[in-house]
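Here is the structure we will look at, set down as structure tokens.
Computed from the coordinates by the stated procedures, all read-outs in this text should not be read as laboratory data. These figures come from a predicted structure and were not determined experimentally. When we count neighbours, we look across all protein chains shown, and the Cβ atoms used for this are built from the backbone with ideal geometry, even at glycine.
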Amino acid sequence: MVYTSLTDVPSNLREGIDWLMALKGTDAEKNLGAMGDAIYRLFDGDTVGSNVVATLKKIKRTSKKFLKGQGLKDQWFVKELLQRLDQPLNKKPVVLAETLGFVEESDYENVVEARGVRPENIAKCLGKVVDSCEKFVDGIKTSGRYGSSYSSKATWDASCAKDPEACAVVLVGIAPMLYAGLSSLQIASEIAVRKGSNSVAEKRLGDILKAVGYDKLKLNSSVSISDILKAMEAVDVHILTTLYDLAGFWALYGTNIAGNLEVEQSTGVAQSGGPEGPVEPVGPGKRERPEKRGRGFEDERFEDERFEGEEHEDSVEPVKPVQSAEGEEEEQSMEPVEPVKEE
């Protein structure tokens, strides 16, 4: 299916990345800058209007259908996203600590207000997300045979210029899909390379590629599991953090959005710690705290004002791709991907 507007909601990761490419268009600076402004207004507003609520409800159904797909739904971070889409988290830090075992700043504070983020910061981070996704697709697609899910008619000017928030809501709504899809590929490709060709892990990677929308007709027939892992190098912890910041905004609000900010003074962006570090079970229903997450929406103004030589307390070491517990891929081997029924 080929979409003709950016207000048409993607149904899987491949379509979501195609949506990002269409958003970028021929003038990335202008289009992403405008999107940064629109997202800032969503985060910074006092209330969320009924039209936004209606759109998010629609996108929630699409995102949940994708997350419940065969090959994705059994992963722990996908389960957490689904749980948050079904039941928004309590924003009190103590409750979050009991639920997750740890608390991040944006679990209970508005990411825009807490970090002093400006529209230009959001635009820059979105630019990095778009560039990384584009590099990933370029690394696995067959040149000349890959067709975008969005036609040349799906542009910012045609779809979003008159109502920027309508497109911003789509991006916020599909963020769980982008986050979960890329994280799943990151994990599966790393394990497949480690286990080698003709392994259960290689089959799992193929199943996940199909589950997120990439079938063999759209991929380079000579691409290897190592090529896929190399293509995934473009998607680092900061990219996933940015997507999770967006996904958390929607997860915390659930379906009761209008007026929430008048009742609870902070919007909150749920974060689980992300999939960038190994997370092993450490007892009934508990997990170790993963490595400290990178920053998503960057506050460049804050970075510029740091004293020379001062070490930032939020600085992080490079994080390796997520690794599942040894042997997990055998336990989670999948049946062929089947279409997901509408709920």
Say each of R145 and D86 gets a label point 7 Å from the Cα, pointing the same way as Cα to Cβ; how far apart are those two points in nm?
-> 4.0 nm
What spacing in nm lies between the two simple spin-label points modelled at E120 and A28, each 7 Å away from Cα in the Cβ direction?
-> 1.8 nm
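Quick check: residue separation of D138 and A158 times 0.36 nm, minus the Cα distance between them. What number comes out in nm? Numbers along the way, then the final one.
Numbers: separation 20, 0.36 × 20 = 7.20 nm, distance 2.61 nm.
Full extension from D138 to A158 adds 4.6 nm.
Among 122-131, 24-33, 171-180, what's the highest-first ranking by average C-beta atoms within 10 angstrom per residue? Can you show the working numbers first?
Working: 122-131: 21.2, 24-33: 16.7, 171-180: 26.8.
Going from most to least packed, we get 171-180, 122-131, 24-33.
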Length gain on complete extension for the stretch R194 to D131, per 0.36 nm per residue less the alpha carbon to alpha carbon distance?
-> 20.0 nm
Inter-label distance, nm, simple model (7 Å from Cα along the C-beta direction), K58/S226 = 4.6 nm
Quick one: which residues, 5 or more positions from K141 or on another chain, have an amide H under 5 Å from its amide H? H modelled 1.01 Å from N in the peptide plane, none for Pro or chain starts.
-> N220
Roughly how large, in nm² to one decimal, is the mean projection of the convex hull of the alpha-carbon atoms in the stretch 145-202?
-> 5.9 nm²
Taking amide hydrogens as modeled 1.01 Å from N in the peptide plane, which residues meet the under 5 Å criterion relative to Y3, leaving out close sequence neighbours?
-> Y150, S151
Distance violations [Cα-Cα > 28 Å] among K79/K153; K124/K203; K128/K203; K58/K153; K24/K60 | K79/K153; K124/K203; K128/K203
